[in-house]
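Data block below; observations after.
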Amino acid sequence: MVQISINEKARFFLSNFLKGLLWLIILIVVFVLARKHVNPDFNAYLQPFLDNTPLILTIYCLSEFLLGIIPPEMFMIWALKFETLNHYIFYVTLFSLISYIAGTSGFLFGKYLNNTRYYRYLRRRFLGKYHSLLTKYGFFLILVAALTPLPFSAISILVGSLNYPAGKYLLYALSRFPRYAVYAFIIWESGLL
């Protein structure tokens, strides 16, 4: 592992955090504009899909378990449809639990299946660019992935494959929950616009 300064770690975290905020701002602007300007016929067309909660939850689970394909903020925006804070908090809490479990599953996958052909394929095809970040930033990358748009499940698989202690991983991965809370608050407030 490469030795880097605290300043460089801080810059790396801040850079990814700002990318996440920029993505969130763009998503909120599109959401607010779409809500005000999208043709009602298009909304009626989408409504059966958006009203299918089991389907939405299945898509979210698949996304989180398959390296975070769809940003979770989109599902937080979907949860605004329930229009009550209690429902919104329930779904955001559920999303954060699913994300934590998906990351933990990825960690265990990496830890116990890192010698399989499938893992080698994933590492070569999807995880290689994150492996260099893990080599550079070490296990600080767990916190960065939990708090920023870096793919949490992918980083978790890599960390598990390096036999990182499970207790420490589970503790650092808990930082996933504050990210969801902060983003959910911002999205809830934007839903009131």
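The values are calculated or read from the model by the stated rules, or taken from the named source; none is laboratory data. Please read these numbers as outputs of a predicted model, since none were measured by experiment. Glycine gets a Cβ as well: all are built from the backbone with ideal geometry, and neighbour counts include every protein chain shown.
Tabulated data for the structure shown
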read-out	value
Those residues of the stretch 158-168 which are surrounded by 20 or more Cβ atoms within 10 Å (Cβ to Cβ) and either touching an Asp or Glu at 6+ places or on another chain (Cβ under 7 Å) or assigned to a helix (DSSP H, G or I) (or both), in sequence order	Leu158, Val159, Gly160, Ser161
The stretch 114-137 residues that are under 17 Å from Ile69 (Cβ atoms), paired with ones that are among the aliphatic types (A, V, I, L, M) (beta carbon under 6 Å, 6 or more apart)	Leu127/Ala154; Leu127/Leu158; Tyr130/Ala154; Tyr130/Ile155; Tyr130/Leu158
Lone qualifier among Leu134, Leu122, Leu127 - being crowded, with 20+ Cβ neighbours inside 10 Å, farther than 27 Å from Ala10 by Cα and at pLDDT below 95	Leu122
Matching residues in the stretch 78-116 - criterion: being touching a Ser or Thr at 6+ places or on another chain (Cβ under 6 Å) and assigned to a loop (DSSP other than H, G, I, E, B)	Asn114
Within the stretch 144-185, tally of residues that are closer than 23 Å to Leu27 by Cβ and aliphatic (A, V, I, L, M)	10
Those residues of the stretch 37-72 which are of a type in the set (Gly, Ala, Ser) and surrounded by 11 or more Cβ atoms within 10 Å (Cβ to Cβ), in sequence order	Ser63, Gly68
Only listed residue being assigned to a helix (DSSP H, G or I), in contact (Cβ under 8 Å) with a residue 60 or more places away in the chain and surrounded by 13 or more Cβ atoms within 10 Å (Cβ to Cβ), chosen from Phe75, Phe13	Phe13
Total residues in the stretch 44-72, condition assigned to a helix (DSSP H, G or I) and either within 18 Å of Ala154 (Cβ to Cβ) or aromatic (Phe, Trp, Tyr) (or both)	9
Verdict on Val182 being surrounded by fewer than 16 Cβ atoms within 10 Å (Cβ to Cβ), more than 12 Å from the chain's Cα centre (by Cα) and assigned to a helix (DSSP H, G or I)	yes
Meets criteria (among the aliphatic types (A, V, I, L, M), at pLDDT below 95, closer than 25 Å to Tyr121 by Cβ and surrounded by 15 or more Cβ atoms within 10 Å (Cβ to Cβ)) for Leu80	no
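Residues checked against (1) part of a helix (DSSP H, G or I); (2) crowded, with 22+ Cβ neighbours inside 10 Å; (3) touching a residue at least 60 places away in the same chain (Cβ under 8 Å):
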position: Ala146; (1), (2), (3): yes, yes, no
position: Pro149; (1), (2), (3): no, no, yes
position: Leu171; (1), (2), (3): yes, no, no
position: Pro178; (1), (2), (3): yes, no, no
